[in-house]
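Here is the structure we will look at.
The values are calculated or read from the model by the stated rules, or taken from the named source; none is laboratory data. Remember, it's a predicted structure, so these values are computed and weren't measured experimentally. We place every Cβ from the backbone using ideal geometry, glycine too, and count neighbours over all the protein chains shown.
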Amino acid sequence: MKRITIREVSEKAGVSTAAVSYVLNGRIGKVSQETVDKVRKAVDELGYIPDFSARSLAGNRSKLIGVVIPQTEDRKQLLLQNPFYSELVCGIEARLRQSGYHMILSGVDKGEGYLDTSMQRNLDGAIIMGIYQESFYEDLKKVRLPIVLIDSYIHDSYFHVVGVDDELGGYLATKHLIDNGHTAVALVTGSIRKDGVMEKRFLGYKRALKEAGLFYNPDYVFEDSVSYEYGQEAGRVIAEKHPDITAVFAVSDMVALGVISGLAEAGRHVPDDVSVIGFDDISVARMCHPPLTTIRQDIVGRGSMAAERLLQAITDSEESLPQEPTVMPLTLVQRDTVRRLTPE
């Protein structure tokens, strides 16, 4: 179907294309009320749909926000394969839509820069998840856009940050297992990188062990990727090679569900043989069997907060600096995958 053009609207209304542009962009003070009425009538009769990309050039606003999810590990995953990202994006999109903004979602493979095509489409701002303190992040400053970071420990006043206290979350998860009598506690985690989310949760794990006077055993740390598949693999290894391990802290719910599956495949069951706690409280966590004990963060609310911070930054003056990082709360959700050990 042929798209109606501004020229056709101008011919229908009997006015100039400039007059049509003024009306479409809300600059009605430039033309008479009679012209406004003619243009609006022509738009209605022709069924004209404005070209938002063209309008953005005149108004200096595209109403487009880039949302970038980088692949920070070697294992390739589909962009929204992890429900955590799906729920986070839902929160972002809903808040943006309330303010008349649209979202461009893009994935970036490990090792690639963040200034891909999605970052070059006349965006008003961007939300980026999970980047590290590496040299390429300096490139992000060159686009001179408001940027909100999620799951990033980059200490730079240029960026807005929305996060959680991951070290505290790792501590709360491990402490819950210890408080239930477990002394041989494993950690199943993604790649532990300096100033990354996994390192913070790992440090919380170690803090809880130290506080309880328990020995840190590196053989109890299973490190690879934040995926269901690696959780399964780690669960099988724990069941077959580490019968002394009675509890597992998995750094995400997806990993925890994989651990439960891997343990079951090897003949060990949760929570009778091994207790498991996750992190995130994705929707699946309460639907699985048994329902997963986990550290809850408000994922949708966090996405909404990131969008709110970005929208505020867009409306603020260019001279205004980002506020302090927004730290969302964490809570322990007790369900059925942690069993209290009784002394023999």
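Limited to the range 214-241, what total is found for residues that are outside any loop (DSSP other than H, G, I, E, B) and either aromatic (Phe, Trp, Tyr) or more than 24 Å from the chain's Cα centre (by Cα) (or both)?
Result for the range 214-241: 16.
For the condition among the acidic types (Asp, Glu), under 30 Å from ALA126 (Cβ atoms), surrounded by fewer than 18 Cβ atoms within 10 Å (Cβ to Cβ) and modelled with pLDDT of 95 or more, ASP253 does not qualify. Filtering the range 26-56 to residues that are at pLDDT below 85, surrounded by 15 or more Cβ atoms within 10 Å (Cβ to Cβ) and polar (S, T, N, Q) leaves only SER56. Would you check if there is a residue in the range 223-241 being of a type in the set (Gly, Ala, Ser), modelled with pLDDT under 95 and touching a helix residue (DSSP H, G or I) at 6+ places or on another chain (Cβ under 9 Å)? Yes, some residue in the range 223-241 is of a type in the set (Gly, Ala, Ser), modelled with pLDDT under 95 and touching a helix residue (DSSP H, G or I) at 6+ places or on another chain (Cβ under 9 Å).
Any idea which residue in the range 91-121 is nearest to the chain's Cα centre (by Cα), counting only those that are modelled with pLDDT of 75 or more, assigned to a loop (DSSP other than H, G, I, E, B) and among the hydroxyl-bearing types (Ser, Thr, Tyr)? Going through the qualifying residues, I end up with TYR101.
Is one or more of the residues making up the range 64-71 surrounded by fewer than 21 Cβ atoms within 10 Å (Cβ to Cβ), within 30 Å of ARG286 (Cα to Cα) and modelled with pLDDT under 70? Yes: the range 64-71 contains one or more residues that are surrounded by fewer than 21 Cβ atoms within 10 Å (Cβ to Cβ), within 30 Å of ARG286 (Cα to Cα) and modelled with pLDDT under 70. Taking the conditions (1) under 30 Å from ILE127 (Cβ atoms); (2) in contact (Cβ under 8 Å) with a residue 12 or more places away in the chain in turn, MET287 satisfies each one other than (2). Just one of the listed residues (ASP165, ASP179) is over 17 Å from ILE154 (Cα atoms) and either more than 21 Å from the chain's Cα centre (by Cα) or modelled with pLDDT of 95 or more (or both), namely ASP179.
Looking at ASP273, ASP336, can you tell me which residue is in the same structural domain as TYR220 (by TED's automatic domain parsing) and assigned to a loop (DSSP other than H, G, I, E, B)?
Details: ASP336 fails: in the same structural domain as TYR220 (by TED's automatic domain parsing).
Just one listed residue meets the conditions, ASP273.
In the range 313-321, the count of residues that are surrounded by 15 or more Cβ atoms within 10 Å (Cβ to Cβ), in contact with a helix residue (DSSP H, G or I) (Cβ under 7 Å, 6 or more places away or on another chain) and at negative phi is zero. Contact map, the range 160-184: residues that are farther than 27 Å from ARG302 by Cβ paired with residues that are basic (Lys, Arg) and at pLDDT 95 or above, Cβ distance under 8 Å, separation 6+ or inter-chain. Pairs shown: ASN180/ARG339; ASN180/ARG340; GLY181/ARG340.
Hey, does the range 76-90 have a residue that's assigned by TED's automatic domain parsing to the domain that holds LEU310, over 30 Å from GLU8 (Cβ atoms), polar (S, T, N, Q) and at pLDDT below 70? Checking the range 76-90: at least one residue is assigned by TED's automatic domain parsing to the domain that holds LEU310, over 30 Å from GLU8 (Cβ atoms), polar (S, T, N, Q) and at pLDDT below 70.
What about VAL20, is it at pLDDT 70 or above, out of contact with any strand residue (DSSP E or B) (no Cβ under 9 Å at 6 or more places or on another chain), surrounded by 20 or more Cβ atoms within 10 Å (Cβ to Cβ) and not in a loop (DSSP other than H, G, I, E, B)? Here the answer is yes, as VAL20 does meet what is asked. Checking each residue in the range 267-287 for being buried (at least 17 other Cβ atoms within 10 Å of the Cβ), more than 25 Å from LYS200 (Cβ to Cβ) and among the hydrophobic types (A, V, I, L, M, F, W, C) picks out only VAL270.
Taking the range 182-198, which residues are surrounded by fewer than 19 Cβ atoms within 10 Å (Cβ to Cβ) and farther than 13 Å from VAL248 by Cα?
Of the residues in the range 182-198, the ones surrounded by fewer than 19 Cβ atoms within 10 Å (Cβ to Cβ) are 183-184, 191-195.
Selection gives SER191, ILE192, ARG193, LYS194, ASP195.
Only one of SER252, SER191 is touching a Gly at 6+ places or on another chain (Cβ under 9 Å) and not hydrophobic (A, V, I, L, M, F, W, C). Can you tell me which? Reasoning before the result, please.
On the way: SER191 fails: touching a Gly at 6+ places or on another chain (Cβ under 9 Å).
Just a single option satisfies the conditions, and that option is SER252.
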